[in-house]
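Below is one structure, written out as structure tokens; the observations come after it.
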Amino acid sequence: MAIRNIRTDEDEILRKTSKKVDVINERILTLLDDMAETMYYSKGVGLAAPQVGVLRRVVVIDVGDGLVELINPEVIKKEGEQKEVEGCLSLPGVAGEVIRPERVVVSALNRKGEEITLEGEGLLARAFCHEIDHLDGILFVDKVIRFIDKEDIEIDEEELENDNSDE
């Protein structure tokens, strides 16, 4: 496994559409492993292959419930609405409110080539949508309804930590 460089800002690859994975071979398995290691190292909750320079429909996500690996993921059902602040490893220092579905159902292949269907609510639904958008060259800033000053987020996190220390 290896930590890969994350493409940032105006890198053209972030705006391209990824190609479907036709064969799950050693290169795809290595990509999955490297993406997971890169995501954890960078303290992210998701990473899509274009973010590491590979135009393939491959995503890894971990919102705290364990690693999810998706090959050729598609959102097949959406319900509800949530408005939350998002950021992105490819856009360091940028944050904004985005409206996403509250609940989604995603179909994909796992690393064994088996078809899987996963449901996600809240943060997991948001992560599914955010990472699948990357596969179509869409960045969260394309959907931002209000940008947030990074300093405001840091203040909120400090307040949360202070609140928790009183318990």
- Taking only region 35-79 into account, find how many residues are of a type in the set (Val, Ile, Thr), within 12 Å of the chain's Cα centre (by Cα) and more than 23 Å from Asp9 (Cβ to Cβ). 2
- Among Asn25, Asn72, which is the only one that is polar (S, T, N, Q) and touching a Lys or Arg at 6+ places or on another chain (Cβ under 9 Å)? Asn72
- If you go through region 33-52 one residue at a time, do you hit one that is at negative phi, part of a helix (DSSP H, G or I), touching a residue at least 24 places away in the same chain (Cβ under 8 Å) and among the hydroxyl-bearing types (Ser, Thr, Tyr)? yes
- If you scan region 130-167, which residues turn out to be at pLDDT 95 or above and part of a loop (DSSP other than H, G, I, E, B)? Asp136, Gly137, Ile138, Leu139, Lys143
- Item | Selected residue (only one of Leu91, Leu109 is closer than 28 Å to Lys20 by Cβ, over 14 Å from the mean Cα position of the chain (by Cα) and modelled with pLDDT of 95 or more) | Leu109
- Message: Taking the conditions exactly as written (at pLDDT 95 or above, of a type outside the set (Ser, Thr, Tyr), on the phi > 0 side of the Ramachandran plot and surrounded by fewer than 23 Cβ atoms within 10 Å (Cβ to Cβ)), does Gly80 satisfy them or not?
- Response: yes
- Note on the structure: Over region 56-86, the set of residues in a loop (DSSP other than H, G, I, E, B) and touching a residue at least 60 places away in the same chain (Cβ under 8 Å) is Arg57, Val63
- Task: Check off (1) over 15 Å from Ala127 (Cα atoms); (2) among the acidic types (Asp, Glu); (3) under 12 Å from the mean Cα position of the chain (by Cα) for Asp22 and give me the number that stays unchecked.
- Result: (3)
- Can you name the residue in region 99-134 that is under 16 Å from Gly44 (Cβ atoms) and of a type in the set (A, V, I, L, M, F, W, C) and is also surrounded by the most Cβ atoms within 10 Å (Cβ to Cβ) among such residues? Phe128
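The values are calculated or read from the model by the stated rules, or taken from the named source; none is laboratory data. All of these numbers come straight from a predicted model, not from anything done at the bench. Cβ coordinates were reconstructed from backbone atoms using ideal geometry, including for glycine residues, and neighbour counts include every protein chain displayed.
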